[in-house]
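Written below as structure tokens is the structure these notes are about.
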Amino acid sequence: MLKQGAQDYVMKDNLKRLLPAIQRELGEAEQRRERKRLEHQVQELQKFEAIGRLAGGIAHDFNNALGVILGWAQLGYDNVPDDSPVRENFRMIRDQAQRSAGLTRQLLAFARRQVLQPRSVNLNDLVSKIAGLLKTAIGEQAELRVTLTPGLQATMADPTQIEQVLMNLCLNARDAMPQGGRIVIETSNVEIGEDFCRTHSYGHPGRYVLLSISDAGVGMDAATLDRIFEPFFTTKEMGKGTGLGLATVYGIVKQHGGFVNVYSEPGQGTTFHVYLLASPSSPEAIELAASEDAQKGGTETILVAEDHEGLRELVRQTLTSQGYSVILASNGRDAVRMFKAKSEEIRLVVLDVVMPFLSGPEAHSEMCAIRPGLPVIFMSGHVAESVSLNSRITAGAAFLQKPCTPQALSRTVRSALDAKNPA
């Protein structure tokens, strides 16, 4: 009995002496695991940034070419008789160009190279307004259930872009349930703390509005989850998807300053949590998109600066056919020189954002030194973050994302002129 007691005492004494070493070893192992986790997250962020820069550059070059094809196809369609067989050819060219333009817009969204037009919105209102469209899009094979939290805080967001997020996630949920099932959309107010951010390094502490989209579909394994936001990655069979839907969601949410969290297991369905920063501002009313009806023209003089020859000629043709007088420049420096020569005559300037010698915002600044408050429309197919451009859009400058239709250009021009010259 005494011998057993002595052995227990020795064992406890040895454990007591070894405990600090064991704790150090455990601590070092935990640090190694944490370091590997952080290194993996950094590598993922670097990968997405590299892919984003590549995607944005490709989309920019294609957008200029698509703008020319789309615009001339639309003008040809509008200018031939209804019974002409050529009209149908123009329609097919236009429709395919628009489809291609949709792909470049998705690439730009992933690359976070779009110009957002945010305002204070309530996600409950937005979800309610497009619920009918979502039901039509997902079809009868899936049931859509919407649960909206009363008293939801507002968020600063571009409603059109958030609608795109909702549509993409709901279509993705539908495709994950080939035999049918239920899709659930929920909203709630949440507060993110330090504990959450320690395990989710992409998060930041603060108050958020949470938009959740859940399905009861096939789910995903860890290897698939690691790649779901990559452009052109898809688990669907050939021809059933572009692989850009979730990449678009990722880019839009990141550009809004939010983040996406995904929970999924094979056979257990998937839930996407979209976190958008809460805003203290009162939400504004969400209006339906304007239709592309025929637009009235005018007789004003407009200065157009565009370095792509094909687009420059397309804009000239579109505006002169509406009755406007058009002055053309191929770069920012020439645009400023032409404006100085005819500053009293020019009523509006249409400027490409990226041009040789002077960018669109820089050229507009020099023009405003001559005539403050000069109405402007900026156009671009690829916009990196620009404080100068964003501040002008916030102050009321119009923006057109390339490629745009001749109708969209005409409508925006007339709107910009009427805003400064209310009848």
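The values are calculated or read from the model by the stated rules, or taken from the named source; none is laboratory data. Quantities reported herein were computed from a predicted structural model and do not represent experimental measurements. Note that each Cβ is placed from the backbone with ideal geometry, even for glycine, and that neighbours are counted across all protein chains shown. Accessible surface is based on the protein model in full, side chains and every heavy atom, while ligands, DNA and RNA are left aside. Shrake-Rupley method; radii C 1.70, N 1.55, O 1.52, S 1.80 Å.
Of all residues in the range 361-380, those that are open to solvent by 10 Å² or more (accessible area, probe 1.4 Å) have Cβ atoms under 8 Å from Cβ atoms of residues that are of a type in the set (Asp, Glu), 6 or more apart or on another chain, in 379/306; 379/352. In the range 138-150, is there at least one residue being open to solvent by 70 Å² or more (accessible area, probe 1.4 Å), modelled with pLDDT of 80 or more and more than 24 Å from residue 175 (Cβ to Cβ)? Yes, the conditions are met somewhere in the range 138-150.
Among the candidates 201, 128, which residue alone is small (Gly, Ala, Ser) and modelled with pLDDT of 85 or more?
Numbers: 201 fails: modelled with pLDDT of 85 or more.
Exactly one residue qualifies, and that residue is 128.
Residues of the range 148-180 that are under 11 Å from residue 215 (Cα atoms), in a helix (DSSP H, G or I) and either of a type in the set (A, V, I, L, M) or free of Cβ contacts under 8 Å to residues at least 60 places away in the same chain (or both): 169, 170, 171, 173, 174. Filtered by the rule that a residue be buried (at least 16 other Cβ atoms within 10 Å of the Cβ) and either in contact (Cβ under 8 Å) with a residue 60 or more places away in the chain or over 17 Å from residue 160 (Cβ atoms) (or both), the range 121-137 gives 121, 122, 123, 124, 125, 126, 127, 135. Here 153, 164 are screened, and the one residue that is surrounded by 14 or more Cβ atoms within 10 Å (Cβ to Cβ) and at pLDDT below 85 is 164. Look at residue 193 and say whether it is at positive phi and surrounded by fewer than 20 Cβ atoms within 10 Å (Cβ to Cβ). No; evaluated as a whole, the condition is false for this residue. Has the range 76-92 got at least one residue that is at pLDDT below 65, touching a helix residue (DSSP H, G or I) at 6+ places or on another chain (Cβ under 6 Å) and among the aromatic types (Phe, Trp, Tyr)? Looking through the range 76-92, none of the residues is at pLDDT below 65, touching a helix residue (DSSP H, G or I) at 6+ places or on another chain (Cβ under 6 Å) and among the aromatic types (Phe, Trp, Tyr). When you go through 265, 237 one by one, which is the residue that is modelled with pLDDT under 70 and closer than 26 Å to residue 175 by Cα? Among 265, 237, only 237 is modelled with pLDDT under 70 and closer than 26 Å to residue 175 by Cα.
Determine whether residue 318 is assigned to a helix (DSSP H, G or I) and either closer than 30 Å to residue 252 by Cβ or of a type in the set (S, T, N, Q) (or both).
Numbers: assigned to a helix (DSSP H, G or I): yes; either closer than 30 Å to residue 252 by Cβ or of a type in the set (S, T, N, Q) (or both): yes.
Spelling it out, residue 318 is indeed assigned to a helix (DSSP H, G or I) and either closer than 30 Å to residue 252 by Cβ or of a type in the set (S, T, N, Q) (or both).
Go through (1) at pLDDT 85 or above; (2) in contact with an Asp or Glu (Cβ under 9 Å, 6 or more places away or on another chain) one by one and return the number of the condition residue 377 breaks. In the conditions (1) at pLDDT 85 or above; (2) in contact with an Asp or Glu (Cβ under 9 Å, 6 or more places away or on another chain), residue 377 misses (2) alone.
Somewhere in the range 167-190, is a residue over 16 Å from residue 250 (Cα atoms), at pLDDT 80 or above, open to solvent by 10 Å² or more (accessible area, probe 1.4 Å) and touching a Phe, Trp or Tyr at 6+ places or on another chain (Cβ under 8 Å)? Yes, the range 167-190 contains a residue that is over 16 Å from residue 250 (Cα atoms), at pLDDT 80 or above, open to solvent by 10 Å² or more (accessible area, probe 1.4 Å) and touching a Phe, Trp or Tyr at 6+ places or on another chain (Cβ under 8 Å).
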